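The values are calculated or read from the model by the stated rules, or taken from the named source; none is laboratory data. Predicted, not measured: the structure shown is a model, and the values here were computed from it. Cβ coordinates were reconstructed from backbone atoms using ideal geometry, including for glycine residues, and neighbour counts include every protein chain displayed. Ligands, DNA and RNA are stripped out before the accessible areas are found, and what is left, the full protein with its side chains, is counted by its heavy atoms. Shrake-Rupley method; radii C 1.70, N 1.55, O 1.52, S 1.80 Å.
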Amino acid sequence: MNIQQNVSLKPYNTFGLDVLAKEFVVVNTLEELCILCAAFNLSNRKLLILGGGSNVLLTQDFDGMVIKMNLKGIEVVGQNDEHVWVKAMAGEVWHEFVLYCIANNLAGVENLSLIPGCVGAAPMQNIGAYGVEIKDTFDCLEAVEIATGDVVVFNREECQFGYRESIFKQEAKGKYIIASVTFRLSLNPSFNVSYGAIQQTLEKQGISELSLKAISDAVVHIRKTKLPDPKVLGNAGSFFKNPEITTAQYNELKERFADIPGYPAGTGMVKVAAGWLIEQCGWKGKVVGNTGSHKDQALVLVNYGQATGAEIWQLAMSIQASVLEKFGITIMPEVNVF
Ligand code: FAD
Ligand code: NAP
């Protein structure tokens with residue numbers, strides 16, 4: 001393993017922020033990862049684990065070790081009449097994994113097409129889009145315990161998945177490095193096209209017969225039309241999570257803002273679209289120095305090229321304050337800030 005010093009992280013984060021890592025190492029195998037944890041006493045060091053860097057905001061140079069996950073491999077590890085279990089290593093690109101599933105007629109992740117990043121980060125926030133979350137197909141994962149270098153298995157319950165949440169953002173934060181994820185995919189698809197613009201897009205494309213590929217293509221088309229490509233305009237997707245508020249608070253707001261979009265989020269709770277709240281505060285398309293809120297999706301904060309992470313963070317905090325002032329709701333970052 002080659003531990004490099006003072007490496008620019010610009011190619012490793014989708015905001016395109018040029019900060020330095022004091023130490024930087026690419027890990028290619030599970031064995032290397034275990035050795036790194038056990039031999040280098042990593043629990044005493046400041047660590048940043050990186051997959052595709054599509055959900056991080058780097059506000060300053062990183063005064064510790066960055067571990068870039070490059071473990072590769074996708075394999076079938078089990079099968080019955082209804083399901084196939086597929087294990088993917090953490091460094092596999094998420095969308096490549098989705099395409100593998102589609103090519104092999106394995107259903108369950110097609111709505112999650114084109115989410116940037118790697119397989120190993122997917123359980124971190126239980127990635128979700130178009131009414132599907134990875135918890136729906138998740139079977140288990142292997143993680144390396146940083147303090148010991150031991151491999152530990154987490155099943156679905158142990159991951160404590162929630163809305164853009166898991167145990168790895170809570171009490172297990174900073175304690176494990178996810179090495180592989182095993183999914184239970186279906187041989188008998190139940191297509192989910194009711195969410196967002198999927199159905200409309202399929203109709204526009206003249207597609208009447210549903211297939212995994214047709215759904216994936218529709219999702220890819222919508223995302224390419226609506227979301228900025230990080231290779232062109234630095235961003236990390238939705239900067240904030242959609243807040244969940246009580247039904248009482250939602251009803252109160254509905255009296256003042258008749259159009260406020262709300263979706264049931266469990267007993268007595270309503271999920272409100274953060275993008276709508278931000279737009280109502282006048283941020284959509286607004287440019288502030290080198291940063292801004294995207295013109296087509298207010299929830300996505302962008303780097304117009306020369307921004308620093310600190311500037312983006314300042315913009316995020318201004319947006320958070322104005323949403324609180326207008327609606328009495330504190331929107332919380334979804335992006336991981338370092
Ligand atoms: P990184 O950004 O590298 O890491 C994210 C966090 O996980 C960091 O805290 C990091 O330290 C930690 N981490 C990464 N890998 C590991 C590991 N192996 N073990 C332990 N910790 C690890 N997200 C959605 O949920 N739904 C979407 O629809 C969606 N759309 C997006 C669209 C765009 C244009 C962009 C830029 C982002 C979008 N995202 C979306 C956010 C992001 O793509 C996902 O959260 C993705 O899973 C992040 O993967 P990554 O490999 O880039 O993670
Ligand atoms: P959209 O369709 O414009 O909808 C706006 C918001 O309303 C979404 O955040 C979504 O919540 C919610 N919503 C819409 N229809 C819903 C329904 N039928 N039931 C429950 N909630 C509903 O959203 P968009 O911005 O184009 O994104 C489309 C999908 O891609 C969403 O699922 C979104 O989460 C995902 N996405 C995520 C990121 C990210 O970085 N996290 C970035 C881009 C897109 P949910 O977000 O809970 O689905």
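Find the residue count for segment 187-205, including only residues that are in a helix (DSSP H, G or I) and either open to solvent by 40 Å² or more (accessible area, probe 1.4 Å) or modelled with pLDDT under 90 (or both).
Summing the residues that are in a helix (DSSP H, G or I) and either open to solvent by 40 Å² or more (accessible area, probe 1.4 Å) or modelled with pLDDT under 90 (or both) in segment 187-205 gives 4.
Identify, by number, the condition in (1) out of contact with any Phe, Trp or Tyr (no Cβ under 6 Å at 6 or more places or on another chain); (2) hydrophobic (A, V, I, L, M, F, W, C); (3) free of Cβ contacts under 8 Å to residues at least 60 places away in the same chain; (4) not in a helix (DSSP H, G or I) that Ala218 doesn't meet.
Exception for Ala218: condition (4).
Quick check on my filter: what residues within segment 15-29 are farther than 17 Å from Asn70 by Cα and either within 13 Å of ligand 1 (Cβ to nearest atom) or open to solvent by less than 40 Å² (accessible area, probe 1.4 Å) (or both)?
Correct list: Phe15, Gly16, Leu17, Val19, Ala21.
Mind checking whether some residue in segment 26-38 is in a helix (DSSP H, G or I) and without any contact (Cβ under 8 Å) to a residue 24 or more places away in the chain?
Yes, the conditions are met somewhere in segment 26-38.
Here is a list: Ala129, Ala172. Which entry is within 28 Å of Asn235 (Cβ to Cβ), near ligand 1 (Cβ under 9 Å from one of its atoms), surrounded by fewer than 22 Cβ atoms within 10 Å (Cβ to Cβ) and aliphatic (A, V, I, L, M)?
Result: Ala129 is the single residue among Ala129, Ala172 that is within 28 Å of Asn235 (Cβ to Cβ), near ligand 1 (Cβ under 9 Å from one of its atoms), surrounded by fewer than 22 Cβ atoms within 10 Å (Cβ to Cβ) and aliphatic (A, V, I, L, M).
Which residue out of Asp296, Asp259 is in a loop (DSSP other than H, G, I, E, B) and within 11 Å of ligand 2 (Cβ to nearest atom)?
Result of the check over Asp296, Asp259: Asp296.
Okay, residues lined up against (1) surrounded by fewer than 22 Cβ atoms within 10 Å (Cβ to Cβ); (2) within 14 Å of Gly328 (Cα to Cα):
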{"site": "Gly262", "(1), (2)": "yes, no"}
{"site": "Gly266", "(1), (2)": "yes, no"}
{"site": "Gln280", "(1), (2)": "yes, yes"}
{"site": "Lys284", "(1), (2)": "yes, no"}
{"site": "Val288", "(1), (2)": "yes, no"}
{"site": "Ser293", "(1), (2)": "no, no"}
{"site": "Val302", "(1), (2)": "no, no"}
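Within segment 30-69, count every residue that is closer than 19 Å to Ala88 by Cβ, within 12 Å of ligand 1 (Cβ to nearest atom) and over 21 Å from the mean Cα position of the chain (by Cα).
Qualifying residue count for the region: 2.
For segment 134-146, what are the residues that are farther than 18 Å from Glu92 by Cα and part of a strand (DSSP E or B)?
Glu145
With Phe62, Phe161 as the choices, which residue is touching a residue at least 24 places away in the same chain (Cβ under 8 Å) and open to solvent by less than 20 Å² (accessible area, probe 1.4 Å)?
On inspection, the qualifying residue turns out to be Phe62.
Say whether the condition of being closer than 21 Å to Lys175 by Cα and in contact with a Phe, Trp or Tyr (Cβ under 6 Å, 6 or more places away or on another chain) is met by at least one residue in segment 9-21.
Taking every residue of segment 9-21 in turn, at least one turns out to be closer than 21 Å to Lys175 by Cα and in contact with a Phe, Trp or Tyr (Cβ under 6 Å, 6 or more places away or on another chain).
Could you please let me know if Asn41 is open to solvent by 70 Å² or more (accessible area, probe 1.4 Å), out of contact with any strand residue (DSSP E or B) (no Cβ under 8 Å at 6 or more places or on another chain) and not hydrophobic (A, V, I, L, M, F, W, C)?
yes
Looking at (1) touching a residue at least 60 places away in the same chain (Cβ under 8 Å); (2) assigned to a loop (DSSP other than H, G, I, E, B); (3) open to solvent by 80 Å² or more (accessible area, probe 1.4 Å); (4) within 14 Å of ligand 1 (Cβ to nearest atom), find the lone condition where Lys224 falls short.
Every condition holds for Lys224 apart from (2).
Just name the residue that is most open to solvent (accessible area, probe 1.4 Å) out of those in segment 90-126 that are over 24 Å from Tyr12 (Cβ atoms) and among the aliphatic types (A, V, I, L, M).
Among them, the one singled out is Ala103.
How many residues, within segment 233-258, are under 17 Å from Lys295 (Cβ atoms) and either away from ligand 1 (no atom under 16 Å from the Cβ) or not aliphatic (A, V, I, L, M) (or both)?
Number of matching residues: 5.
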